[in-house]
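Shown next, in structure tokens, is the structure this report addresses.
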Amino acid sequence: MDLPVEEWQSHVRRRWLQLQPSVRAAFSTGALQEVILLCSSLLQPEDEAFLQRLAEGYSVEKDPNAYLFYKEEGNKAFQKKAYKAAAMLYSQGTSHARPNTQEMSLCFANRSAAFFYQAQYEICLEDIGRAQMHGYPERLQPKLMLRKAKCLVALGRRQEAALAIRDLEQNVAAREAGTGTPHLQDLQRRLRHLKTRGQEDKGPAEAHPTGPAPASKEVHLKAENERIPGAASSVSLCSDPSRGRHLIATEDILPGELLVKEEAFVSVLNPGETLWQRLGPEAGRDSGAAPGDLRCHRCLKPTMATVPCQGCSYAKYCSRQCMQLAWERYHRTECSLGGTLLTLGVFCHVALRTVLLAGFELVDKLVKTLQGAVNSEAVSVPEGQPPMEKLDAQLGLGKGDQNRGLSGMPIPGCDRDGSYQSSYHAVFHLLPHTERHSPERKFLCGLSVVALCKKLGEAYWPSPLWGQGPSKQEAALTMEQSPRPSTWAVAMLRHVLQLHCNAQGVTALQEAESEGDLVTERRQARLATGFFPVISLLNHSCSPNTSLAFRGSVGTVQASRLIAQGQEILHCYGPHECRMDVATRQQKLRSQYFFDCCCQACRDEEVRRASTTPKRGGFRCPTCKAALQGDDALCCSRGSCTAVASRPHLVGRLQDLQQRVEVALELLRGDKTARAVQLLLGCREEAENFLTSEHMLMGEIEDHLAQAYASLGCVS
């Protein structure tokens, strides 16, 4: 969940109600640093003790009993030939095994067998290597060596297979020593059969795709924007008082054209409901897979063969390289805080990882400059200019001629040369809307951040899991360069508040239903939360002209319809005209994003709602596009329009359109995505001619298009 667990929220609310009115009032007007100072003085030992108890309930320490449970459940699934389920259970077992132990090696070896029987030979070989690296027992080596040789033969790697068979022969010969045990005789028989097969096979065996769906063809920008790395050259960054920062088309853009391709500056996997069932005070052992069990916690790529963190049972990666990169950049600090981070929610976790990735020096510099901008009037800026623009002026940012607002001032977030890119500088300049958050919410976020920073101070130098730790001189130097806890806290509180309206949910197609190893249904699910500074430039529309999809931690924005030169590039923040009425959309946007939407879809619907004649039937007037009303003979609800239409005729058109949508769905299921997109775009154009935007079929077409674009080039 984004916010802390309910128990912590309830505890903080009780504390809030106990505060004096004058103290509560201070949270209404206080700047970020003042909120942090207040929360620091209000955090009591009882609060820290309560948080510690909650964190212990969500512990991510390695548990030997959990290892045994998942290994045994994996063995049961394997015996039932449910190899995919067995592999996932063995993966969970590796998460609870200690590194370089027989337990870890056995889990990897068992998982390699599960992948072998799924014909996932490459992954099987990787797991065999991992099992041997972690100390697989010598007495069992022949079984593993035989599996390795079988994989190499199946893959058609004949020279490597011959070497593996030779090594196995030598191992078997050394074990004979005059004994002829049935087990050894069976191994010799298998070896002879394998040698014969290796000599006869002409090519690799066909692997069966039982793991995550293979990655679709990656899409690329036709030409990258010189001023906005990660964006197409066909867009430009602008700013004005009414719309803030936004992107404009500098040329006509065709449907399907890639406009933005951006890797998240930071992302954190959402724990998922299955994990909460597995953890917590009332938890029991659960054999289901959470999203974090099937994705790399660093790059978010799907993986069936996870490599676990060596220090905790939660973090998992697609490779040892990703594991080490995560450890070096942020996880060595996060690892011992796992239970606390799960308790305090995804937003706190994203905030912490953001400052860890940014580095001490830059965080310290920007926070100090922000405090100076708020407290000082030394910089000459126009009356009423917000503090963050004062900050830009102090730093001399955005000196380029292009990325400037209508007032001529630099656009916040731009570098000195006027470029805007996915960097911590851009993240820091996303609006936190501090003054618009309720005082109680600021207290909750502030107290959570202060409590986390105190825990961070206690755990800052954990024992490294690889090699030697930093020397005393290195440790002293790094601590001297690191910012004060108050600096960490101010930056993290800013990011938590930013996430309320700037968090980007990373979505992916996930299994919704399955029967054994057969997937029967997939649907879009929120996988992670992150900061995407370039994508955050897109303003909202309830009827957007783009679609957003993800490949791992990379977000892509594609045009979903023709965008004429000079038009704004618009994205839907969630409330879409095809899924909810204007009143519901306005309420959601106002409460989360702090603005009243005045997009064309909202204006059109307000006009229709203001009409005294109610609309019926979900059909549009062929002349003015207003709603039609009546029974068999339909007339326009707009009094000035005299157009009429036949309901039976329109119902016939609707049925024909529904059949075409079904054909498009069949194309999608058959992996003929490009043809499906072309057909759905035609269906949408046809639907807009005679159906109102609230019609159910309009929403279905938009949903199918989003899925099609994701499959076409953005989701693995």
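Being open to solvent by less than 10 Å² (accessible area, probe 1.4 Å) and either under 26 Å from N270 (Cβ atoms) or at pLDDT 85 or above (or both) holds for only one residue in S547, S514, S541, S536, and it is S541. Scan region 550-561 for residues that are open to solvent by 30 Å² or more (accessible area, probe 1.4 Å) and in contact with a strand residue (DSSP E or B) (Cβ under 7 Å, 6 or more places away or on another chain) and the total you get is 1.
Here the condition is being within 30 Å of I128 (Cα to Cα), more than 28 Å from the chain's Cα centre (by Cα) and part of a loop (DSSP other than H, G, I, E, B); of K81, K62, K76, it holds for K81 alone.
The one condition from (1) part of a helix (DSSP H, G or I); (2) on the phi > 0 side of the Ramachandran plot that D671 does not meet is (1). Remark: F69 falls outside the filter, which requires a residue to be farther than 22 Å from G311 by Cβ and over 29 Å from the mean Cα position of the chain (by Cα).
Test R98 against the criterion of being open to solvent by 30 Å² or more (accessible area, probe 1.4 Å), in a helix (DSSP H, G or I) and not small (G, A, S), and give yes or no.
Numbers: open to solvent by 30 Å² or more (accessible area, probe 1.4 Å): yes; in a helix (DSSP H, G or I): no; not small (G, A, S): yes.
Against the criterion (open to solvent by 30 Å² or more (accessible area, probe 1.4 Å), in a helix (DSSP H, G or I) and not small (G, A, S)), R98 does not qualify.
Just one of the listed residues (R192, R227) is open to solvent by 30 Å² or more (accessible area, probe 1.4 Å), assigned to a helix (DSSP H, G or I) and at pLDDT below 95, and it is R192. Among the residues of region 627-680, those identified as modelled with pLDDT of 85 or more, open to solvent by 40 Å² or more (accessible area, probe 1.4 Å) and among the hydrophobic types (A, V, I, L, M, F, W, C) are C635, V644, V663, L679.
Summed over region 126-176, the residues that are in contact with a Cys (Cβ under 6 Å, 6 or more places away or on another chain) and open to solvent by 30 Å² or more (accessible area, probe 1.4 Å) give a count of 0.
Those residues that are at positive phi and over 15 Å from the mean Cα position of the chain (by Cα), I need them from region 529-581; list them, please. So that I can check it myself, show each step before the final result.
The first filter runs over region 529-581 and keeps only residues at positive phi, leaving 552, 566, 574.
Passing the criteria: G566, G574.
Residue count for region 528-585, restricted to those that are of a type in the set (V, I, T) and assigned to a loop (DSSP other than H, G, I, E, B): 2.
Answer yes or no as to whether K368 is open to solvent by 30 Å² or more (accessible area, probe 1.4 Å), at pLDDT below 90 and under 21 Å from G457 (Cβ atoms).
Working: open to solvent by 30 Å² or more (accessible area, probe 1.4 Å): yes; at pLDDT below 90: yes; under 21 Å from G457 (Cβ atoms): yes.
So K368 fits the description; yes.
Exactly one residue out of E72, E46 is out of contact with any Leu (no Cβ under 6 Å at 6 or more places or on another chain), within 30 Å of A491 (Cα to Cα) and either open to solvent by 10 Å² or more (accessible area, probe 1.4 Å) or not small (G, A, S) (or both), and it is E46. Among the candidates G93, G156, G135, G129, the residue that is free of Cβ contacts under 8 Å to residues at least 40 places away in the same chain and not in a helix (DSSP H, G or I) is uniquely G135.
Applying the selection to region 317-363, what residues are among the hydrophobic types (A, V, I, L, M, F, W, C), outside any helix (DSSP H, G or I) and closer than 19 Å to G457 by Cβ?
none
Take region 562-597 and flag every residue that is among the polar types (S, T, N, Q) and either surrounded by fewer than 19 Cβ atoms within 10 Å (Cβ to Cβ) or within 30 Å of T303 (Cα to Cα) (or both). Outline the logic, then answer.
Initially, region 562-597 is screened for residues among the polar types (S, T, N, Q), giving 565, 567, 584, 586-587, 591-592.
Within region 562-597, Q565, Q567, T584, Q587, S591, Q592 qualify.
Restricting attention to region 17-43 and to residues that are part of a helix (DSSP H, G or I) and more than 26 Å from L431 (Cα to Cα), the residue that is least open to solvent (accessible area, probe 1.4 Å) turns out to be L42. Note on region 307-354: among residues that are β-branched (V, I, T) and modelled with pLDDT of 95 or more, the one that is surrounded by the fewest Cβ atoms within 10 Å (Cβ to Cβ) is V346. The set of residues in region 412-435 that are at positive phi and modelled with pLDDT under 90 comprises G413, G418.
The values are calculated or read from the model by the stated rules, or taken from the named source; none is laboratory data. What you are looking at is a predicted structure, and each value in this text was computed from that prediction instead of being measured. Positions of Cβ are backbone-derived with ideal geometry, glycine not excepted, and every protein chain shown enters the neighbour counts. The accessibility values were calculated without ligands, DNA or RNA, using every heavy atom of the protein model including side chains. Shrake-Rupley method; radii C 1.70, N 1.55, O 1.52, S 1.80 Å.
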